[in-house]
Amino acid sequence: MQNFDKAPFLVIWEVTQACDLACAHCRARAVQWRHPSELSTAEGFRLLENVKALGNPLMVFTGGDPLKRPDVFALLERSIQLGLRTTVTPSATPLLTPKAIADFQRIGVARMAISLDGPDAKSHDGFRRVPGSFARTLFALEEARRIGLETQVNTTVTRHNRLRMPEIAEIVERSGARLWSVFFLVTTGRALVEDDLTADDYEKVFVLLYELSTRASCDIKTTEAQHYRRFVAQERKFEKTTPRNLVPNTISRQAGINDGKGLLFISHTGEIYPSGFLPLSAGNVRCDSLADVYRYSSLFRGLRDSSQLKGKCGRCEYCNVCGGSRSRAYALTGDYLAEEQRCVHTPTEAYAKMA
Ligand code: SF4
Ligand code: SF4
């Protein structure tokens with residue numbers, strides 16, 4: 001497992017909060033217009049240089065919709081020129097034209113991620129709250145495939161689409177995406193607690209993802225369900241096998257990564273958060289050193305110290321590979337070190353006594 005004390009594995013920059021969709025669960029509470037205090041182009045260039053100075057993290061341009069910024073291609077190009085592996089997550093709106101997709105590929109974007117939350121227009125557009133979004137999503141995936149741009153599909157699982165995950169998986173498979181990233185709800189922004197799954201239902205989705213991962217042509221990973229790693233470890237122990245596509249790919253690379261631990265998030269106004277789902281700022285790139293905040297702030301250090309975890313996460317034999325979603329703990333309890341509220345696991349007695 002990597003040591004994330006010095007540098008993150010992944011840096012996510014919310015280049016804008018503006019977006020023309022209006023998703024029910026939007027973390028960013030996105031609106032159609034850009035915020036007047038958004039980081040400027042020059043500040044964005046400086047930020048990217050400071051990210052590069054941290055090492056070689058994966059650089060994700062997210063939003064809002066990155067395409068709402070007229071300078072997004074200049075910013076992406078700068079990131080790529082600096083040598084950062086750079087990906088982008090545009091929204092499926094009329095801004096995502098064949099030219100925009102071709103431009104991503106031309107300048108060297110490593111991957112484009114697109115959201116898909118239902119297997120048909122009714123379910124997906126209902127979620128995204130804009131008619132035509134489903135068709136645009138499929139079109140963008142098809143267009144990227146046609147020109148050879150690597151893709152990723154992001155799906156947020158809620159109680160509304162949980163039972164339709166197998167159908168969504170079929171679309172992901174047919175799209176040729178390299179990765180299916182399944183987001184589990186954190187009730188921040190516009191997301192509602194009543195849309196979240198129960199801990200038992202999380203486990204049922206894990207069963208499905210694990211089973212799919214043995215035969216899918218793409219990698220499958222979870223976001224804000226760190227305990228899927230616990231599930232995978234338990235299954236592997238049980239089966240004494242290594243399922244294709246899970247190890248050594250995405251799951252092993254993710255081992256130990258958590259909010260503020262291998263991951264950092266820069267908001268549209270430069271706030272430095274441990275995750276986009278954990279809106280606690282440890283500084284601002286306009287006035288603080290990104291490296292110092294990541295390495296030395298009490299918030300980030302605390303999040304990397306598994307001995308500070310509370311409740312059953314603090315007594316758990318999987319606390320270092322999993323640790324529970326710190327964002328969900330904060331959203332549901334107000335304490336980012338509290339135990340994960342959506343995990344069925346009971347730590348083993350022997351480990352709990354040692355902890
Ligand atoms: S596409 Fe993303 S940023 Fe836009 S409203 Fe939906 S969740 Fe929010
Ligand atoms: S109890 Fe906490 S650390 Fe243990 S598997 Fe569950 S979420 Fe992870």
Check your understanding: Fewest first, what order do ASP200, ASP65, ASP5 take by the number of other Cβ atoms within 10 Å?
Key -> ASP200, ASP5, ASP65
Check your understanding: Using 1/(1 + (r/R0)^6) with R0 = 25 angstrom and r between the beta carbons of SER217 and ASP120, what's the FRET efficiency to the nearest 0.05?
Key -> 0.70
Exercise for review: Please report SER298, SER306 as a ranked list, fewest other C-beta atoms within 10 angstrom at the top and most at the bottom.
Suggested key: SER298, SER306
Study note, to complete from the structure: GLU173 and VAL207 label points (each 7 Å along its Cα→Cβ direction) are spaced in nm at 1.9 nm
**Study point:** Whole-number percent relative contact order across the chain, with pairs defined as alpha carbons under 8 Å at least 6 apart
**Key:** 17 percent
Point to revise | 13 Å beta-carbon shell around LEU54, net charge (K/R +1, D/E -1) | key: 0
Exercise for review: Could you please state, rounded to a whole Å, how far the C-alpha centre of the range 24-101 is from the C-alpha centre of the range 280-355?
Suggested key: 28 Å
Review point. How high is the relative contact order of the range 1-88, in percent, counting Cα pairs under 8 Å that sit 6 or more residues apart?
Key: 38 percent
Study note, to complete from the structure: Asserting the computed 222 nm helical MRE of the chain (DSSP H runs at least 4 long, -39500 (n - 2.57) per run, divided by residue count, to nearest 500) equals -10500 deg cm²/dmol
Exercise for review: Report the calculated FRET efficiency for ILE147 and GLN308 (r = Cβ-Cβ distance, R0 = 41 Å), to the nearest 0.05.
Suggested key: 0.30
Review point. Under a plain spin-label model, where a point goes 7 Å from the Cα along Cα-to-Cβ, how far apart in nm are THR346 and ALA74?
Key: 6.0 nm
Check your understanding: Counting Lys and Arg as +1 and Asp and Glu as -1, what is the net charge of the other residues whose Cβ lies under 15 Å from the Cβ of PHE73?
Key -> +1
Revision key, fill the gap. Footprinting proxy, ARG27, ARG111, ARG164, ARG328: sorted fewest to most Cβ within 10 Å, the residues are ARG164, ARG111, ARG27, ARG328
Exercise for review: Calculate, for ALA42 and ASN3, the FRET efficiency according to 1/(1 + (r/R0)^6) with r their C-beta to C-beta distance and R0 41 Å; round to the nearest 0.05.
Suggested key: 0.80
Review point. Nearest-5 percent of antiparallel DSSP beta bridges in the chain?
Key: 15 percent
Exercise for review: Quick one: plug the Kirkwood hydrodynamic radius of the chain (C-alpha pairs) into Stokes-Einstein at 37 °C, 0.692 mPa s, and report D in µm²/s.
Suggested key: 160 µm²/s
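A short reminder: the numbers here are calculations on the coordinates, not readings from a lab. Keep in mind that this is a model prediction, so the values were computed, not measured. Positions of Cβ are generated from backbone atoms using ideal geometry, with glycine treated the same way; all protein chains shown enter the neighbour counts.
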